[in-house]
Amino acid sequence: MSAAACIFCKIIKGDIPSFKLFENDKVFAFLDIQPLSRGHALVIPKFHGAKLTDIPDDDLREILPVAKKIAVASGAENYNVLQNNGRPAHQVVDHVHFHVIPKPNETEGLGIGWPAQATDMDKLKALYEEIKAKI
Ligand code: AMP
Ligand code: ZN
């Protein structure tokens, strides 16, 4: 999807309103319109790209300090930082965004399925060698 058609690019430009929490030359942050909990916010690079791997390092570097500011400002003691990539991974908006989601109790905030697989050390080691060789 082009930047011109992107809802988050329109929010950055001010063409669509948002509850803006923070802005600098590389980063924009605003309240999520359908929050999972009080204070649920999104931190996005101004650079348009769908997935984490589409965003230059210089832009990514600026994201986490802003997520930290927002976590502090929300007053949340417990929270998740989440960044989804691709439809099967629950990404709906194709402009990279980091969710900051306060977790005040068991029912509000992010619910996570965590289907841990059985440990196979031989397979794990082979995978480790494969991935390490590409880094
Ligand atoms: P994801 O599933 O990771 O793509 O999450 C997209 C998020 O964007 C959802 O939590 C939506 O509630 C949020 N969202 C979509 N449109 C807007 C909007 N106009 N303003 C604020 N948040 C939005
Ligand atoms: Zn965009």
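Every number here is computed from the coordinates shown, using simple stated rules; none is lab data. Small disclaimer: the values here were computed from a predicted structure and weren't measured. Cβ: placed from backbone, ideal geometry, glycine included. Neighbour counts: every protein chain shown.
Using the 10 angstrom Cβ neighbour count as an exposure proxy, how do Arg87, Arg38 rank, fewest first? Provide the component values of the computation, followed by the final result.
Details: Arg87 9, Arg38 13.
Starting with the residue having the fewest Cβ neighbours, the order is Arg87, Arg38.
Could you list Glu108, Glu77 so that the one with the fewest beta carbons within 10 Å of its beta carbon is first and the one with the most is last?
On the way: Glu108 15, Glu77 9.
Ranking Glu108, Glu77 by Cβ neighbours within 10 Å, fewest first, gives Glu77, Glu108.
Please compute the net charge surrounding His90, taking Lys and Arg as +1 and Asp and Glu as -1 over other residues with Cβ under 14 Å from its Cβ.
Details: positive: Lys51, Arg87; negative: Asp32, Asp94.
For residues surrounding His90, the net value is 0.
From the phi of every residue in segment 97-111, what ³J(HN,Hα) in whole Hz does the Karplus formula 6.51 cos²θ - 1.76 cosθ + 1.60 yield, where θ is phi - 60° and glycine or proline is x?
Result, rounded to whole Hz: 8, 9, 7, 10, 10, x, 10, x, 7, 5, 8, 8, x, 6, x.
Could you give the length gained on full extension between Asp15 and Lys68, defined as 0.36 nm per residue of separation minus the Cα-Cα distance, in nm? Please list the in-between numbers first.
Working: separation 53, 0.36 × 53 = 19.08 nm, distance 2.68 nm.
Length gained, Asp15 through Lys68: 16.4 nm.
With r defined as the distance between the Cβ atoms of Asn78 and Ile33 and R0 fixed at 22 Å, what FRET efficiency is calculated, to the nearest 0.05?
With a Förster radius of 22 Å, E is 0.45.
For the cross-link pairs Lys103/Lys123; Lys68/Lys132; Lys46/Lys132; Lys26/Lys132; Lys26/Lys51, which exceed 26 Å when the distance is taken from alpha carbon to alpha carbon?
Details: Lys103/Lys123 35 Å; Lys68/Lys132 29 Å; Lys46/Lys132 31 Å; Lys26/Lys132 31 Å; Lys26/Lys51 16 Å.
The answer is Lys103/Lys123; Lys68/Lys132; Lys46/Lys132; Lys26/Lys132.
What three numbers, in Å, describe the spread of the alpha carbons of the chain along their principal axes, ordered from the longest?
Principal-axis extents of the Cα atoms in the chain, largest first: 53, 37, 25 Å.
Going by alpha carbons, how many degrees (0 to 90, nearest 10) lie between the helix axis of 121-132 and the longest principal axis of the chain?
Result, in degrees: 50.
Could you state the angle between the C-alpha long axis of helix 63-74 and the longest principal axis of the C-alpha atoms of the chain, as a value from 0 to 90 degrees rounded to the nearest 10?
Approximately 70 degrees, to the nearest ten.
Given a Förster distance of 35 Å, report the FRET efficiency between Ala126 and Arg61 from their Cβ-Cβ distance, rounded to the nearest 0.05. All intermediate terms of the calculation are to be shown ahead of the outcome.
On the way: r = 33 Å, r/R0 = 0.93.
Calculated transfer efficiency: 0.60.
Let me have the relative contact order for the chain, percent, based on Cα pairs under 8 Å that are six or more residues apart. Walk me through the intermediate numbers first.
On the way: 189 pairs, mean separation 30.4, N = 135.
Across the chain, relative contact order equals 23 percent.
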